[in-house]
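Where a number appears in this text, it was derived from the coordinates with a stated rule and is not lab data. Not measured: the values here are computed from a predicted model. Cβ atoms come from the backbone with ideal geometry, glycine included; neighbour counts cover every protein chain shown.
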Amino acid sequence: MQERIPSPLEAWANFYIIVGSAAAGLTGLQFVVLTLIAQARGLRGNEDSVSAFGSPNVVHFCAALLVAAILCAPWHTVAQAGVPLALCGIGGVIYSMAVFRRARRQQGYTPVLEDWLWHNILPTLAYAATLLAGVMLTRFTEGSLFALGGAELLLVFIGIHNAWDTVTYVTFIEAQREREETAAAANAPAPPAPQAPRSTTGG
C-alpha cells in the first residue's frame, strides 16, 4: 500500500494559497516597472540591465506560484511532491547563476553591495533551500516544509523589494535629468534679437 500524504502537507495549504495568490498578483507589478523603464529616456535599449535587474523578479514570483501549486496538488506520496520541488530548486540555482553573469556584463548600472545581496545572493539561497527541501521532504517532512515556506516567502519579498528599488531608481534618474535640463535651459545664452529690415529705398 502506498504511503498517503501526511497531515503536515494539508496544514500548509492555506499558507501556500496566500503566497501563491500574492505572487500571481504581484507579477502585474513588474509589468508596471518594465513600462517605467521603457519610458525612461536614459535606460532605453539597455537589454542587459533589464535582464539582470528586471526580468528576474517575474521569475521569482512565478517560482513562488509554482511551488505553491505543487504543494497544493493531490500527490499520493511525499516523494512525488519532492521531485518537482527539487527540479524547481535546480532550475532556480542555474537561473541565478545566469543572472549573476548578466549583472556583471551589463554596462548601464554599477551594482553596489545591496544590489548583489537582493538580486543574486538571496535568490540563490532561496532556490538552494527549495532544492534541499525537495530532496529531504520524505525524511524530514516538517523541517522541509518550514524551509520551503521560508524560501518561497523570501522570493516574494525579494521581488517586491527589487521592483520598488527599480521604480525609485528610475524616478530618481528622470528627476535628475529634468533638473539638468532646467539648469541647462536657464544658463543658455539668450537668442539674438531680430534686426530691423534695411530700407531698400535709400531714404
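Each Lys and Arg adds +1 at its Cβ and each Asp and Glu adds -1 at its Cβ; summed about the Cα centre, segment 8-169 shows a dipole of about 420 debye. The order of the peptides 104-113, 80-89, 53-62, 21-30 by mean Cβ neighbours within 10 Å, most packed first, is 53-62, 80-89, 21-30, 104-113.
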